[in-house]
Amino acid sequence: MDWVEELGKICEVFPPSDAYRVDETPPLIAPEPAENFVVVKPENSVDVSEILKFANERGIPVFTRGGGTGLSGGAVPTANGILLSTEKMVEIEVDTENRVAVCGAGVTLKQLDRAAFKNGLSFPPHPGAETATVGGMIATNAGGVRALKYGTMRNYVLGLEFVLASGKILRVGGRTVKNSSGYSLLHLLIGSEGTLGVVTQATLRLFPAMKDITVLAAPFQRMEDAMSCVVEISSKMLPMALEFMERRAVEIGERVSGRRWVSREGEAHLLMIFERFDEAEEAAEIAENKGAIDVFVATGKREQDDLMAVRGLIYEGLRNEIIEILDACVPPAKIADYWRKSNELAEKYGIELVTYGHAGDGNVHQHPLIYDGWENTYFEFRKKLLELAVSYGGVISGEHGIGTVKIQELAEICPDQYRIMKEIKSLFDPRGILNPGKVVLPNHG
């Protein structure tokens, strides 16, 4: 890389530590990081512009990285080139009169939450780990447990500043909720995983301070009854969260958290979170009418924390036993059927699946456990599983993104969409320097 010294005249260049070589993608499916790359840490869009001009003129790959919390290999530098870290872009301004926060791409979710809270406001969706950055959450259109009521990142981004591969700085949107000003470049950038431009700043919508919550836990003998409960509750009110777990997931959550769930009986368990107590009461009645084994109402903070810890720590309990974490999304009314069919498919391949997820919005998390010879049959199974999700009117990724790990499925299951995405990529990034090998393959690939 004979260009490194020349790059050093534009910005400070750092050698890569091991932390920059990986994200949170499970190791068995994570892409192999490049041997040779350098790290740059720009502070603003002008710095980014200079770096991208330099890289574009020479055809050098640029991989943008936020908090490194992604699960699809999107932040892994997979070719020799430049890793652009947004960690120094941490300025934040809270405009209380217009209820927005103007954030640098490197602002973490924790920092955003704190800034909003100090100003009597909130950022309701909580779409990732607290170390996830604004830029990274925008890049993947992150969702999370509160998406049922509060939506995904797409619902909060009012304006963006981003830099094209050419170095051109663009600003789209503003501080208004409404915007019908032609094609939405703003929404095209959201979810593009760093392949169309580098987000440097975002204007995010804030809400009034959140209210106290009530948490319900309800086990059911049958998944069908649990999902019928979810559908009826969703038709009558809008909970903050409606989560589900199969029995094995509950057991894993209990083990790793050291907390107790209300019961291990039944094949399906619901965790429901409400901001209004009267809605929680009505939901409890619906659950009882749908055949819940029990309905536990947790009003004290300790009880609520115990229940949420069981659900929240399932992944930690499985981290070392899984091939990957899948995040297909299906219509909520189809979850039970999809769950049974996916288990039947897994049984044919000799695969154990652990399933839980966001019942209210249909985002199903499934963990295939490691087995001997998985490399020979797993990817065939995964394609059939994702085809099953799409056959129900679903999508292959609800919140983790495509990254490197689902490109083949995107191309084969959604060929027309994939072709148009490649054309858009070519328009924004003709030389293909931005996060190459992510979301879509190069034209010669």
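The values are calculated or read from the model by the stated rules, or taken from the named source; none is laboratory data. These numbers were taken from a predicted model, which means no experiment stands behind them. Using ideal geometry, Cβ is built from the backbone for each residue, glycine included, and neighbour counts are taken over all protein chains shown.
Summary of values
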{"quantity": "Selection from segment 188-234 of residues that are farther than 24 Å from residue 311 by Cα and not in a loop (DSSP other than H, G, I, E, B)", "calculated": "188, 189, 198, 199, 200, 201, 202, 203, 204, 205, 207, 208"}
{"quantity": "Test: residue in segment 22-45 that is of a type in the set (Ser, Thr, Tyr), surrounded by fewer than 20 Cβ atoms within 10 Å (Cβ to Cβ) and either touching a His at 6+ places or on another chain (Cβ under 9 Å) or not assigned by TED's automatic domain parsing to the domain that holds residue 325 (or both)", "calculated": "no"}
{"quantity": "In segment 401-427, residue farthest from the chain's Cα centre (by Cα) [restricted to those that are buried (at least 18 other Cβ atoms within 10 Å of the Cβ) and touching a residue at least 60 places away in the same chain (Cβ under 8 Å)]", "calculated": "425"}
{"quantity": "Every residue from segment 235-250 that is closer than 17 Å to residue 298 by Cβ and in a loop (DSSP other than H, G, I, E, B)", "calculated": "239, 240"}
{"quantity": "Check on residue 440, of a type in the set (A, V, I, L, M), in a loop (DSSP other than H, G, I, E, B) and touching a residue at least 60 places away in the same chain (Cβ under 8 Å)", "calculated": "yes"}
{"quantity": "Pairs where the first residue, in segment 112-124, is under 11 Å from residue 101 (Cβ atoms) and the second is among the acidic types (Asp, Glu), C-beta under 7 Å, 6+ apart", "calculated": "123/113"}
{"quantity": "Flag for residue 254 being outside any loop (DSSP other than H, G, I, E, B) and either surrounded by 17 or more Cβ atoms within 10 Å (Cβ to Cβ) or under 24 Å from the mean Cα position of the chain (by Cα) (or both)", "calculated": "yes"}
{"quantity": "Any chance residue 4 is over 30 Å from residue 315 (Cα atoms) and surrounded by 22 or more Cβ atoms within 10 Å (Cβ to Cβ)", "calculated": "no"}
{"quantity": "Matching residues in segment 84-111 - criterion: being assigned to a strand (DSSP E or B) and free of Cβ contacts under 8 Å to residues at least 24 places away in the same chain", "calculated": "92, 93"}
{"quantity": "Test: residue in segment 260-275 that is closer than 28 Å to residue 128 by Cβ and in a helix (DSSP H, G or I)", "calculated": "no"}
{"quantity": "Filter pass, residue 361 being surrounded by fewer than 22 Cβ atoms within 10 Å (Cβ to Cβ) and not small (Gly, Ala, Ser)", "calculated": "no"}
{"quantity": "Counted residues, segment 155-188 - those being surrounded by 14 or more Cβ atoms within 10 Å (Cβ to Cβ), basic (Lys, Arg) and over 20 Å from residue 141 (Cα atoms)", "calculated": "0"}
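Yes/no per residue for (1) of a type outside the set (S, T, N, Q); (2) touching a strand residue (DSSP E or B) at 6+ places or on another chain (Cβ under 9 Å):
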{"site": "17", "(1), (2)": "no, yes"}
{"site": "25", "(1), (2)": "no, no"}
{"site": "39", "(1), (2)": "yes, yes"}
{"site": "42", "(1), (2)": "yes, yes"}
{"site": "46", "(1), (2)": "yes, yes"}
{"site": "63", "(1), (2)": "yes, yes"}
{"site": "80", "(1), (2)": "no, yes"}
{"site": "97", "(1), (2)": "yes, no"}
{"site": "105", "(1), (2)": "yes, yes"}
